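Working notes, structure below.
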Amino acid sequence: YTLINNSGMDNVTKYALFCLQYTALRVGSLLASRWEDYDSTKKLLRIHEEFVKNKKAINCPVIKQMADMFNVLKKAQQLTNNKWDKKCFIFSTDGIEALGLESPNMALKRLLLKHQVGFRAVPHGFRNTCQTHWLLKRFMMTAINVQLDHKLTSGDASVDRYISQDEDFFDERTKMLQSMAKLIKDAMSDYALLETTIKNAKGSSPIMANSDTIDAT
């Protein structure tokens, strides 16, 4: 994410990648979003049923990091499109044409190849990252499955029949997204600290470079 953030790629693609990791939404579900689907007061993004696999609309929480990104995108669109309205796409340069489904994937692929990081990653895999993190943090399994748009929310068809169809565990899912955002922020901070440590070590004298302090670091 440090590489993504510092890549110089356009904000539309960059923000899409971050929001995909925060939310665990499928790429098509997120990129189809229009401004009319975003309720800044209730802090939610409405994902319509035609864009989800279980055919049940999802109210996806919008955390502060996402809201800030949305504000940047909206201002940029309004500057370039004098016919802007809420029918415009959120993830778009001008609001008229949505970011292509393969754009986040290709941008990530080019970035990984450029920096020769030694592993492969695709935006759809962010869903796995989220699920693993949320399980380790012991969030409610039902809330995780709702956010991931799984067919079964509890993991059991019989139990699902007794769960209210109106309960979407929105508060719990908001905490889940906030936790994911914190994980990314902390990881980026750790990476920045590591870069600084390595840079300082390389700039040290040969004697310092062999010291116990540098070795331990």
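The values are calculated or read from the model by the stated rules, or taken from the named source; none is laboratory data. What you are looking at is a predicted structure, and each value in this text was computed from that prediction instead of being measured. Cβ atoms come from the backbone with ideal geometry, glycine included; neighbour counts cover every protein chain shown. The area values use the complete protein model at the heavy-atom level, side chains included, leaving out ligands, DNA and RNA. Shrake-Rupley method; radii C 1.70, N 1.55, O 1.52, S 1.80 Å.
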Could you list all residues from the range 136-154 that are touching a residue at least 24 places away in the same chain (Cβ under 8 Å), in a loop (DSSP other than H, G, I, E, B) and not basic (Lys, Arg)?
139, 140, 148, 149, 150
Considering only the range 7-19, state which residues are of a type in the set (A, V, I, L, M) and either open to solvent by 10 Å² or more (accessible area, probe 1.4 Å) or farther than 15 Å from residue 71 by Cα (or both).
9, 12, 17
So is residue 67 at pLDDT below 95, of a type outside the set (Phe, Trp, Tyr), more than 23 Å from residue 122 (Cα to Cα) and open to solvent by less than 60 Å² (accessible area, probe 1.4 Å) or not?
no
Any idea which residue in the range 25-49 is nearest to residue 188 (Cα to Cα), counting only those that are touching a strand residue (DSSP E or B) at 6+ places or on another chain (Cβ under 9 Å) and aliphatic (A, V, I, L, M)?
25
Listed residues 149, 166, 215, 160; which is open to solvent by less than 70 Å² (accessible area, probe 1.4 Å), modelled with pLDDT under 70 and charged (D, E, K, R)?
160
So residue 62, is it surrounded by 20 or more Cβ atoms within 10 Å (Cβ to Cβ) and either in contact with a Lys or Arg (Cβ under 7 Å, 6 or more places away or on another chain) or over 25 Å from residue 176 (Cα atoms) (or both):
yes
Over the range 77-135, the set of residues buried (at least 20 other Cβ atoms within 10 Å of the Cβ), out of contact with any Leu (no Cβ under 7 Å at 6 or more places or on another chain) and not in a helix (DSSP H, G or I) is 88, 89, 95
Matching option when the condition is open to solvent by 10 Å² or more (accessible area, probe 1.4 Å), at pLDDT 95 or above and farther than 23 Å from residue 87 by Cα, among 1, 22
22
